[in-house]
């Protein structure tokens, strides 16, 4: 697909593959034809077919001037100027003649596409039957469609074009590239459109297989994916399904973690997760080499270069911010790197327990729940500000509205004054007093929370949440849904403290929720992990990414059901963790429907 774009969009520097002109009949006929004119045509066509365009122009131009009604010469002359990048000459020829053919329309459509006028290009090829063209012109027709239908957001038509193009190459790399372009195109098709297109006889058999693969979501595990594989065992889309695309097995992997200093316990929890996954990986056994980056990243440079000298296939880490900053200054290695913390650079993959990412998911969940007008409550500290910013930006992007955001001092215990102001209780009381004064009678009026709030986002850790939630209820906000990230979670066996969080909805990773289904599928005893389960899950899932990194890089819709969440890879190289949702109820944690 890259070659297609280069070929058509950079028309002035065009270098084409071998295309032969359609034979349009016998020689030139008519009373004014002379033997020399026939020689001009024969020589010009021969040189054109040999792609000797400079030499062909003179012969073809002479032949066309002698017989301007010869479509074969006209097409060859147009295309010769096109291959030489002489756009002005092409337009001049098109304006001088009313001769039309499918090939002329394709050339003019290519010119329109080069000017980013795909609507015009589509009109020029409307109703054209490519089967009636030679193979070379069919290929140009489908290349044109592949580019322009994407530009017109007609992704299924683009898919059909890409599928047709596969019939014109036997090159493995080119076929893989076309397959990748098909996947990227189908990602943009919504489910309803796919349903209507599946089974439509207007599409080829291969295209229908791609449509069904997209419907069950490339990489899907479970019954739907298996059923597709049973129906389409030899389809090229099969390589995009997780079980059939373990292409990166038996790799040598360097893991860079801060085993010494204040982050040692964090590093060991991640390492424990990786080693547990390694032991469970009985078939593919990758080789893990651990390096200590030091307490403040002082060993990062030596670890970084030692890993590369050991000819590893992949680097995972580092984890701490100091080491991440050092990596940002390093020359990029020729092997993939999966950072385990956030980086301002986009040079490497990032697989993190990002708090900001969780805040964005809360915004998405609120929009799904049709809670668009939101109040934000957060602690007055850098973490609270980052969470507020991430949440607010995502909410607004999705069409929501931040009614107000208020920061609280974590050290104080009573937030009544700020809450009354933020919830609109002060205004409610003033309205009641003004009405009472106007009517000259005593009124019994309860304070009410402002009516323009659909929900509250509480950016909080456990202690702050346990203070805030009861005070919200006390100040008449019990009916307003409160959402939070997993940072409010303080364990499953903390029932007494969790009663203060009654009704709070929050995101949670699978390893923290510990459903019965999870216990059944894990190849180890989850109860024996101990320590920080979230960090263990990060390490466990990081190991699972080793064999699937290339697959996820190619299939943006590919999902892995990990212990830290449902993992996907964004176009920005950042892994996203789709979390579960739960709610506190009488001190217990109840899973919410997904």
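The values are calculated or read from the model by the stated rules, or taken from the named source; none is laboratory data. The model shown is predicted, which means the values in this text are computed figures rather than measured ones. Cβ placement follows ideal geometry from the backbone for every residue including glycine, while neighbour counts extend to all protein chains displayed.
Which condition breaks for residue 370 when tested against (1) part of a helix (DSSP H, G or I); (2) surrounded by fewer than 20 Cβ atoms within 10 Å (Cβ to Cβ); (3) at pLDDT 95 or above?
Evaluating residue 370 over (1) part of a helix (DSSP H, G or I); (2) surrounded by fewer than 20 Cβ atoms within 10 Å (Cβ to Cβ); (3) at pLDDT 95 or above leaves (1) as the failure.
Any residue in the range 66-94 that is more than 18 Å from residue 49 (Cα to Cα) sitting within a Cβ distance under 6 Å of a residue that is outside any helix (DSSP H, G or I)? List the pairs, counting only those 6 or more apart or interchain.
Within 6 Å, the pairs are 67/28.
Of everything in the range 406-421 that's in contact with a strand residue (DSSP E or B) (Cβ under 9 Å, 6 or more places away or on another chain) and at pLDDT below 85, which residue is nearest to residue 391 (Cα to Cα)?
Checking each candidate, the answer is 410.
Here is a check on your reading of the model: is residue 60 under 22 Å from residue 111 (Cα atoms) and surrounded by fewer than 18 Cβ atoms within 10 Å (Cβ to Cβ)?
So residue 60 fails the test.
Applying the selection to the range 311-355, what residues are closer than 19 Å to residue 290 by Cα and free of Cβ contacts under 8 Å to residues at least 60 places away in the same chain?
311, 321, 322, 324, 326, 327, 333, 335, 337, 339, 341 - these are the residues of the range 311-355 that are closer than 19 Å to residue 290 by Cα and free of Cβ contacts under 8 Å to residues at least 60 places away in the same chain.
Considering only the range 100-116, I want to know if a residue exists there that is under 40 Å from the mean Cα position of the chain (by Cα) and either more than 30 Å from residue 154 (Cα to Cα) or surrounded by fewer than 16 Cβ atoms within 10 Å (Cβ to Cβ) (or both).
yes
Just for the range 477-500: of the residues that are in contact with a helix residue (DSSP H, G or I) (Cβ under 7 Å, 6 or more places away or on another chain) and more than 22 Å from residue 364 (Cα to Cα), which one is surrounded by the most Cβ atoms within 10 Å (Cβ to Cβ)?
500
Please work out if residue 516 is surrounded by fewer than 16 Cβ atoms within 10 Å (Cβ to Cβ), within 36 Å of the chain's Cα centre (by Cα) and farther than 30 Å from residue 419 by Cα.
Yes, satisfied.
Here is a yes/no grid of residues against (1) within 36 Å of the chain's Cα centre (by Cα); (2) part of a loop (DSSP other than H, G, I, E, B); (3) within 21 Å of residue 412 (Cβ to Cβ); (4) not assigned by TED's automatic domain parsing to the domain that holds residue 422:
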position: 460; (1), (2), (3), (4): yes, yes, yes, no
position: 466; (1), (2), (3), (4): no, no, yes, no
position: 470; (1), (2), (3), (4): no, no, yes, no
position: 478; (1), (2), (3), (4): no, yes, no, no
position: 483; (1), (2), (3), (4): yes, no, no, no
position: 492; (1), (2), (3), (4): yes, yes, no, no
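State which residue is modelled with the lowest pLDDT when the search covers only the range 218-241 and only residues that are out of contact with any helix residue (DSSP H, G or I) (no Cβ under 7 Å at 6 or more places or on another chain) and surrounded by 18 or more Cβ atoms within 10 Å (Cβ to Cβ).
Per the stated criteria, the residue is 220.
Out of the range 373-389, which residues are surrounded by fewer than 21 Cβ atoms within 10 Å (Cβ to Cβ) and in contact with a helix residue (DSSP H, G or I) (Cβ under 9 Å, 6 or more places away or on another chain)?
383, 386, 389
Can you tell which of 173, 194, 162, 186 is crowded, with 21+ Cβ neighbours inside 10 Å, at pLDDT below 90 and either touching a helix residue (DSSP H, G or I) at 6+ places or on another chain (Cβ under 7 Å) or farther than 23 Å from residue 116 by Cα (or both)?
Sole residue among the options that is crowded, with 21+ Cβ neighbours inside 10 Å, at pLDDT below 90 and either touching a helix residue (DSSP H, G or I) at 6+ places or on another chain (Cβ under 7 Å) or farther than 23 Å from residue 116 by Cα (or both): 186.
Mind checking which residues of the range 260-293 are surrounded by fewer than 21 Cβ atoms within 10 Å (Cβ to Cβ) and assigned to a loop (DSSP other than H, G, I, E, B)?
Passing the criteria: 260, 261, 262, 281, 282, 283, 284, 285, 286.
Which ones in the range 328-340 are part of a loop (DSSP other than H, G, I, E, B) and touching a strand residue (DSSP E or B) at 6+ places or on another chain (Cβ under 8 Å)?
333, 335, 336, 340
Consider residue 100 carefully, then state whether it is in contact with a helix residue (DSSP H, G or I) (Cβ under 9 Å, 6 or more places away or on another chain) and within 25 Å of residue 202 (Cβ to Cβ).
So residue 100 does not fit the description; no.
Being touching a residue at least 12 places away in the same chain (Cβ under 8 Å), part of a loop (DSSP other than H, G, I, E, B) and farther than 21 Å from residue 147 by Cβ is the filter here; which residues of the range 176-210 pass it?
If the condition is that a residue be touching a residue at least 12 places away in the same chain (Cβ under 8 Å), part of a loop (DSSP other than H, G, I, E, B) and farther than 21 Å from residue 147 by Cβ, then 198 is the only one that fits.
Results for (1) modelled with pLDDT of 95 or more; (2) buried (at least 20 other Cβ atoms within 10 Å of the Cβ); (3) in a helix (DSSP H, G or I), shown as yes or no for each residue.
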| position | (1), (2), (3) |
| --- | --- |
| 126 | no, no, no |
| 131 | no, no, yes |
| 144 | yes, yes, yes |
| 153 | no, no, no |
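Any residue in the range 298-310 that is in a loop (DSSP other than H, G, I, E, B) and over 19 Å from residue 341 (Cα atoms)?
Yes; the residues of the range 298-310 include at least one that is in a loop (DSSP other than H, G, I, E, B) and over 19 Å from residue 341 (Cα atoms).
Just to be sure, is residue 501 at pLDDT 90 or above, more than 30 Å from residue 238 (Cβ to Cβ) and not assigned by TED's automatic domain parsing to the domain that holds residue 412?
No, not satisfied.
Select from the range 342-351 the residues that are surrounded by 17 or more Cβ atoms within 10 Å (Cβ to Cβ) and in contact with a helix residue (DSSP H, G or I) (Cβ under 8 Å, 6 or more places away or on another chain) and write down the one among them that is nearest to residue 542 (Cα to Cα).
351
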